[in-house]
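Chemist: Can you read through this structure? Questions will come right after.
The values are calculated or read from the model by the stated rules, or taken from the named source; none is laboratory data. Note that the coordinates shown come from a computational prediction; the quantities given were computed from them, not determined experimentally. Here the Cβ is made from the backbone with ideal geometry for all residues, glycine too, and neighbour counts use every protein chain on show. Just the protein is used for accessible areas: all its heavy atoms, side chains included, with ligands, DNA and RNA removed. Shrake-Rupley method; radii C 1.70, N 1.55, O 1.52, S 1.80 Å.
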Amino acid sequence: QVQLVESGGGLVQTGGSLRLSCAASGLTFSTTGMGWFRQAPGKEREFVARIWWNRVIVYSDSVKGRFIISRDNAKNTVYLQMTSLRPEDTAVYYCAAYQNTLTIAYWGQGTQVTVSS
């Protein structure tokens, strides 16, 4: 049974930082592409960042230069370091495991990030 468990969300002021973690189990983590998505109230879920098994990384334009995605295969964990946070970053952040380059196989339950102005 695959589980993705996010942690690290919370309330932060504009310009602050947070680090999200996603602990994975039940899958071969080292060969699985991992990603982060977010969903703000009243909006569709949107892509934030992804990191492939070979550590190739892609960011959305909205977070490029402010967020860093990384992975620790020894801990089966993917991270999202978020800096220079803005109110528009407020959302529920979801961890995802890719089935292939286009398809998400599994989702985490989400963690709330709130950035106050």
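Chemist: Net charge around THR31, counting only other residues with Cβ within less than 13 Å of its Cβ (Lys, Arg = +1; Asp, Glu = -1)?
Modeler: On the way: positive: ARG55, ARG71; negative: none.
Local net charge: +2.
Chemist: Mind giving me the nanometre distance, one decimal, between the label points for ASN73 and ILE57, set 7 Å out from Cα along Cα→Cβ?
Modeler: Label at ASN73, label at ILE57, 1.7 nm between them.
Chemist: How large is ³J(HN,Hα), in whole Hz, for each residue of the stretch 61-77 in order, when computed from phi with the Karplus curve 6.51 cos²θ - 1.76 cosθ + 1.60 and θ = phi - 60°, using x for Gly and Pro?
Modeler: Running phi through 6.51 cos²θ - 1.76 cosθ + 1.60 with θ = phi - 60° gives 4, 6, 10, 4, x, 10, 10, 10, 9, 8, 9, 10, 5, 5, 9, 6, 9 Hz.
Chemist: If you roll a 1.4 Å probe over the heavy atoms of the protein chains, what accessible area per residue do you get for the stretch 20-110, in Å²? Intermediate results must be reported in sequence, preceding the final value.
Modeler: Working: 4540 Å² over 91 residues.
Here the per-residue accessible area is 50 Å².
Chemist: Further question: Based on the Cβ-Cβ distance from ARG66 to GLN1, what FRET efficiency comes out when R0 is 35 Å, to the nearest 0.05?
Modeler: Details: r = 34 Å, r/R0 = 0.98.
After rounding, the FRET efficiency stands at 0.55.
Chemist: What dipole magnitude, in Debye to the nearest 20, does the chain give about its Cα centre under +1 on Lys/Arg Cβ and -1 on Asp/Glu Cβ?
Modeler: On the way: 11 positive and 7 negative charges, 40 e Å.
Rounded to the nearest 20 debye, it is 200 debye.
Chemist: In the chain, what percent of the accessible surface is made up of carbon and sulfur (1.4 Å probe, ligands and nucleic acids excluded)? Let's see the in-between values first.
Modeler: Working: 2980 of 6110 Å².
Carbon plus sulfur share of accessible area: 49 percent.
Chemist: Can you tally the net charge around VAL92? Count Lys and Arg as +1, Asp and Glu as -1, for every other residue whose Cβ sits under 10 Å from the Cβ of VAL92. Please list the in-between numbers first.
Modeler: Working: positive: ARG38, ARG45; negative: GLU6.
So the environment of VAL92 carries a net charge of +1.
Chemist: From the Cα gyration tensor of the chain, with a ≥ b ≥ c the square roots of its eigenvalues, which class applies: rounded if a/c is under 1.5, or else prolate if a/b is larger than b/c, or else oblate? Don't skip to the answer; put the middle values down first.
Modeler: Details: a/c = 1.72, a/b = 1.66, b/c = 1.03.
Prolate shape, in that a/c is at least 1.5 and a/b is the bigger ratio.
Chemist: Shifting gears a bit: Would you please give the residues with an amide H less than 5 Å from that of ASN73, counting only those at least 5 places away or on a separate chain, with H modeled from the backbone geometry?
Modeler: Residues meeting the amide H criterion: none.
Chemist: Which order do you get for SER60, SER116 if you rank them by accessible area with a 1.4 Å probe, largest at the top? Before the final figure, lay out each step's value.
Modeler: Details: SER60 20, SER116 40 Å².
In descending accessible area the options line up as SER116, SER60.
Chemist: Using 0.36 nm per residue, how much length does the chain from GLN39 to SER25 gain when fully extended, once their Cα-Cα distance is taken away?
Modeler: Details: separation 14, 0.36 × 14 = 5.04 nm, distance 2.35 nm.
Length difference between fully extended and current span is 2.7 nm.
Chemist: Additional query: I need the phi-derived Karplus couplings for the stretch 86-100: 6.51 cos²θ - 1.76 cosθ + 1.60, θ = phi - 60°, integer Hz, Gly and Pro marked x.
Modeler: 10, x, 6, 7, 4, 4, 8, 9, 10, 8, 9, 10, 7, 7, 8
Chemist: For THR90, list long-range residues whose amide hydrogen, built 1.01 Å from N in the peptide plane, is under 5 Å from its own amide hydrogen.
Modeler: Here the answer is VAL115, since their amide H atoms fall under 5 Å of that of THR90.
Chemist: Under 10 Å, Cα contacts only: if you run a Gaussian network model on the chain, which one of GLN99, GLN39, GLN81 comes out with the highest mean-square fluctuation?
Modeler: GLN99
Chemist: Additional query: How large is ³J(HN,Hα) for each residue in the stretch 24-39, as worked out from phi by the Karplus curve 6.51 cos²θ - 1.76 cosθ + 1.60 (θ = phi - 60°), to whole Hz, x for Gly and Pro?
Modeler: So the Karplus estimates, Gly and Pro as x, are 10, 8, x, 9, 7, 4, 5, 10, 10, x, 10, x, 10, 10, 8, 9 Hz.
Chemist: Check each of the trypsin sites (Lys or Arg not before Pro) in the stretch 27-117 and keep only those in coil by DSSP with at most 13 other C-beta atoms within 10 angstrom; list them in order. Don't skip to the end; give the middle numbers.
Modeler: Numbers: sites: ARG38, LYS43, ARG45, ARG50, ARG55, LYS64, ARG66, ARG71, LYS75; in loops: LYS43, ARG45, ARG55, LYS64, ARG66, LYS75.
Sparse-neighbourhood loop trypsin sites (Lys or Arg not before Pro): LYS43, ARG55, LYS64, LYS75.
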